[in-house]
2 protein chains.
Amino acid sequence: MNQEIKDRFDAFVKKKGLRKTGQRDAIFRAAFANEEHFTAEELLERTKAIDPNTSRATVYRTIPLLIEAGLLREIDLGGDLKHYDPNFNDHPDHAHLICVDCGKVIEFSDANLQVLEDCIVRRLGFRPSTSSLRIEACCEQLRQTGTCENLINARLVRRKLPVR
Amino acid sequence: MNQEIKDRFDAFVKKKGLRKTGQRDAIFRAAFANEEHFTAEELLERTKAIDPNTSRATVYRTIPLLIEAGLLREIDLGGDLKHYDPNFNDHPDHAHLICVDCGKVIEFSDANLQVLEDCIVRRLGFRPSTSSLRIEACCEQLRQTGTCENLINARLVRRKLPVR
DNA sequence: TTGGGTGCAAATCGTTTGCAACAGA
DNA sequence: TCTGTTGCAAACGATTTGCACCCAA
């Protein structure tokens, strides 16, 4: 768990005149225990492993808090369930590539893309706020060989594309 | 209503061994009557104006058909309701900019963006499939003057950014 | 004729909410 | 103490489904 982010959450809670509770701590720890994306139900499961007393309602009430604090983002991975991404603190501008062959998710950053999006928004007469890019793509290697070196042993992979 | 798209839908229905029905025709016409995005419930409303006999269940059963036929796309406009976009036939590569000040949606195309996305996907070792880009942005003019010339008299605006 | 299509209402499922008990500050 | 917080269960709202009847082919 990232202590700096936890401090930001605690500060946010205090500034709003809210209270620091055991359940909120447990939910926070569950959300930021690792880099995996999760659904509300998955967060409940993870939280119960830390504090079995935490209820579904409290999880559902805490997620919007984490989002309002700017620590968590809702992302669209396709499918019917809402997913949440705890990685925007360390990687503020990442986007998602979803392998249509195996469903795994690759988080990537590309400086060219950030610049281009910024230009587009300005040319349209706006000031940039947030953007979310989801790319679905096919993994040729997986299709041809039945496996895919990029994805072995990881549900989630991160790539930083160097400018060139 | 676009006759070419209608022909494609009819051909799709026939090829799948399904039947051409009055309700499916009405739902199709409602979906492609104009370029506005819509939710399932809005599509039901529009369809009832054409054929009052059409039921909610049939609308919900027909939307996946239109998507499978490649004529309609689900899009993420933020918020809790699913929205559908009938404009990918005429504008296959457009993305969405959502004004956080007034909520209106601008569809735009940018060739540079398409090329860059293609490059990114290949550099990550994949073959491009589909992508969806949603940008949230602030309209300075609206904030400062209380109005916004780009958006007056239109819920949806389209822009094509020339390469330069 | 016949198997797919439809409308209706009930069921489902993720999420929200009312309320009484609880607990930080 | 004084409010915000919680757990529970009921409520909610979008979507799906079972079933009897309907109708396109």
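The values are calculated or read from the model by the stated rules, or taken from the named source; none is laboratory data. These figures come from a predicted structure and were not determined experimentally. Glycine gets a Cβ as well: all are built from the backbone with ideal geometry, and neighbour counts include every protein chain shown.
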### Message
Between A:134, A:122, which is outside the structural domain of residue A:31 (by TED's automatic domain parsing) and either among the hydroxyl-bearing types (Ser, Thr, Tyr) or over 22 Å from the mean Cα position of the chain (by Cα) (or both)?
### Response
A:122
### Task
Mind listing whichever residues of the range B:72-111 are closer than 25 Å to residue B:2 by Cα, assigned to a loop (DSSP other than H, G, I, E, B), within 12 Å of chain A (Cβ to nearest Cβ) and among the acidic types (Asp, Glu)?
B:76
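Table: residues versus (1) near DNA strand D (Cβ under 9 Å from one of its atoms); (2) within 23 Å of residue B:97 (Cβ to Cβ); (3) among the hydrophobic types (A, V, I, L, M, F, W, C).
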| position | (1), (2), (3) |
| --- | --- |
| B:11 | no, no, yes |
| B:18 | yes, no, yes |
| B:24 | no, no, no |
| B:45 | no, no, no |
| B:51 | no, no, no |
| B:56 | yes, no, no |
| B:63 | yes, no, yes |
| B:69 | no, no, yes |
| B:76 | no, yes, no |
### Query
So which residues in the range A:72-126 are without any contact (Cβ under 8 Å) to a residue 24 or more places away in the chain and among the hydrophobic types (A, V, I, L, M, F, W, C)?
A:88, A:113, A:115, A:116, A:119, A:120, A:121, A:124, A:126
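Does residue A:57 fit the bill of being assigned to a helix (DSSP H, G or I) and either among the small types (Gly, Ala, Ser) or modelled with pLDDT of 95 or more (or both)?
Working: assigned to a helix (DSSP H, G or I): yes; either among the small types (Gly, Ala, Ser) or modelled with pLDDT of 95 or more (or both): yes.
Yes.
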### Task
Would you check which residues across the range B:26-43 are more than 10 Å from DNA strand D (Cβ to nearest atom), in a helix (DSSP H, G or I) and either among the polar types (S, T, N, Q) or surrounded by fewer than 18 Cβ atoms within 10 Å (Cβ to Cβ) (or both) and list them?
B:29
### Query
If you scan the range A:9-68, which residues turn out to be touching a residue at least 40 places away in the same chain (Cβ under 8 Å) and among the aromatic types (Phe, Trp, Tyr)?
A:9, A:12, A:32, A:38
